[in-house]
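Enquirer: This is the structure I want to talk about, given as structure tokens.
Read-outs throughout are calculated quantities, based only on the coordinates presented, and are distinct from any laboratory measurement. Since this is a predicted model, take the numbers as computed values, not measurements. Here Cβ is always computed from backbone atoms with ideal geometry, including for glycine, and neighbour counts include all displayed protein chains.
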Amino acid sequence: MSEKKAKLARQFIGAIPHSRALEMRIDDVLAGRATLSLPYNERFIGDPETGVLHGGVVTALLDTAMGTAVVSHPQSMGGTATIDLRIDYMRAATPGQRITAKAECYRVTRAVAFVRATAYDEGEEPVASAAGAFTVEGSRP
Amino acid sequence: MKQPEPVQVIKQRRDAALAQLVDDIPYNQFLGVVFERRGDELTATLPYNEALVGNPILPALHGGAVGAFLEIAAQIELAWSIYWPQFEAGATGPRAMPKTIDFTIDYLRSGLPRDAYARAVVNRSGRRYASVHVEAWQDNRQKLFAQATGHFLMPRQEG
């Protein structure tokens, strides 16, 4: 990512209070694809016995990565909102590791953007996958 | 004949069991989710705070925060229904939580910058899997702003 684009990405994510609260970072963004990550944090734990992060944290990261992919798509005119989101949790994220979500906006119509995403910890196997429909705003006359 | 338990004893026991179930999970506390109880019926509240905002221009709640709130409401409802008989029998201490297999969220309208409420229903609870539906609203109970259905893996139980 170029320095200028990285700065814009930081400003974009920094303007979303909830993303800031979860310490999200945009690692890469390009024409309908976005990679976002967040650090392990004990306050985000969902299972106190194992220290595994709460599914809701992964949901928030996936949702933000998917929304970012939509607004970065060449056919997108501006903002977006989630219409529907399905998350499959394949395995527990390893405690202590950073979570990364890679999202791809693979189809945009006049009103709807279709997006899929996968979340990883620092291992090879995915932690969760998501599919969603998002609004396309500002494109209708 | 055995005397029924005094009402305060029952209330105190049930509230303590619920509080432990909810507050044991750091992320519930991070989001600020609290539960109210009427008998065995639970209502979850997500008190508004600025850190929940996803769109500061509208402003609107973050879809991820809403999704997490619904997942918490569904998971606690399921755990509460699983462990209710044990709590009623006087058991205390931490409990293994059901694990989310999948969760599908339907965003019906944007979340306003105020408190949100949710109630969940366990539609099926088997030995290994459970299906839970959850509805969330803000000002008007009839106008849901989000709903979700999730499948959960039941916690292993001794015996």
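Enquirer: Build a GNM of chain B with springs between Cα atoms under 10 Å: which of B:ALA116, B:ALA60, B:ALA136 gets the top mean-square fluctuation?
Expert: Result for chain B, Cα springs under 10 Å: B:ALA60 fluctuates most.
Enquirer: Sticking with the crude label model, points 7 Å out along Cα→Cβ, report the distance from B:ARG37 to B:ALA89 in nm, one decimal please.
Expert: 1.8 nm
Enquirer: I've got another one for you. Can you compute the FRET efficiency between A:ARG43 and A:GLU137 using 1/(1 + (r/R0)^6), with r the Cβ-Cβ distance and R0 = 45 Å? Round to the nearest 0.05.
Expert: The formula returns an efficiency of 0.85 here.
Enquirer: Which of these, A:GLU42, A:GLU124, A:GLU104, has the largest mean-square fluctuation under a Gaussian network model of chain A (Cα springs below 10 Å)?
Expert: The residue with the greatest mean-square fluctuation here is A:GLU124.
Enquirer: Compute a Gaussian network model of chain A, connecting alpha carbons closer than 10 Å, and tell me which residue from A:ASP28, A:ASP121, A:ASP63 fluctuates the most.
Expert: So, out of A:ASP28, A:ASP121, A:ASP63, the one fluctuating most is A:ASP28.
Enquirer: Is it possible to state the helix-based mean residue ellipticity at 222 nm for chain A, with each DSSP H run of 4+ residues giving -39500 (n - 2.57), the sum divided by total residues, to the nearest 500 deg cm²/dmol? What is it?
Expert: -7500 deg cm²/dmol
Enquirer: Over the Cα atoms, compute the radius of gyration (one decimal) and Dmax (the largest Cα-Cα distance, rounded to a whole number) for the range A:39-85, in Å.
Expert: When restricted to the Cα atoms of the range A:39-85, Rg and Dmax are 14.4, 46 Å.
Enquirer: Which of B:LYS99, A:LYS102, B:LYS2 has the fewest other C-beta atoms within 10 Å, and how do the rest follow up to the most?
Expert: Placing the least packed residue first, the sequence is B:LYS2, B:LYS99, A:LYS102.
Enquirer: What value in Å³ per residue do you get for the convex hull of the alpha-carbon atoms in chain B?
Expert: 128 Å³
Enquirer: Could you work out how far apart the two model spin labels at B:LYS143 and A:ARG107 are, taking each label as a point 7 Å from the Cα in the direction of the beta carbon, and quote it in nm?
Expert: 3.3 nm
Enquirer: Can you compute 3J(HN,Hα) from phi for each residue in the range A:23-38, using the Karplus curve 6.51 cos²θ - 1.76 cosθ + 1.60 with θ = phi - 60°, rounded to whole Hz and x for Gly and Pro?
Expert: Rounded to whole hertz, the list is 6, 6, 9, 8, 8, 7, 8, 7, 6, x, 10, 9, 10, 10, 9, 9.
Enquirer: Taking every residue in A:48-61, how many Cβ atoms of other protein chains lie within 10 Å of its Cβ, on average?
Expert: Mean shielding by partner chains, rounded to a whole number: 6.
Enquirer: Using a 10 Å cut-off on Cβ to Cβ distances, tally the other chain neighbours for every residue of B:43-55 and report the average as a whole number.
Expert: 3
Enquirer: Let me ask something additional. Among B:TYR27, B:GLY39, B:LEU61, pick out the residue whose Cα is farthest towards the positive end of the charge dipole of the range B:7-153, where Lys and Arg carry +1 and Asp and Glu carry -1 on C-beta, about the Cα centre.
Expert: B:GLY39
Enquirer: Calculate the mean, over all residues of peptide A:19-27, of how many other protein chain Cβ atoms lie within 10 angstrom of the residue's Cβ.
Expert: Average neighbour count from other chains, rounded to a whole number: 3.
Enquirer: Give me the mean projected area, in nm² to one decimal, of the convex hull enclosing the Cα positions of the protein assembly as shown.
Expert: Its average projected convex-hull area is 17.4 nm².
Enquirer: Return the calculated 222 nm mean residue ellipticity for chain B, to the nearest 500 deg cm²/dmol, obtained by summing -39500 (n - 2.57) across DSSP H runs with n ≥ 4 and dividing by the residue count.
Expert: -10500 deg cm²/dmol
Enquirer: Suppose a student asked you for the relative contact order of chain B, using Cα pairs under 8 Å spaced at least 6 residues apart; what percent would you report?
Expert: 22 percent
Enquirer: Now a separate question. What list do you get for A:THR80, A:THR59 if you sort them by fewest beta carbons within 10 Å?
Expert: Listing A:THR80, A:THR59 from fewest to most nearby Cβ atoms yields A:THR80, A:THR59.
Enquirer: Let me ask you something else. Of the peptides A:66-74, A:84-92, how do they stack up when ordered by the mean number of other Cβ atoms within 10 Å, highest first?
Expert: A:66-74, A:84-92
Enquirer: Output the relative contact order of chain A, whole-number percent, from Cα pairs under 8 angstrom with separation of 6+ residues.
Expert: 23 percent
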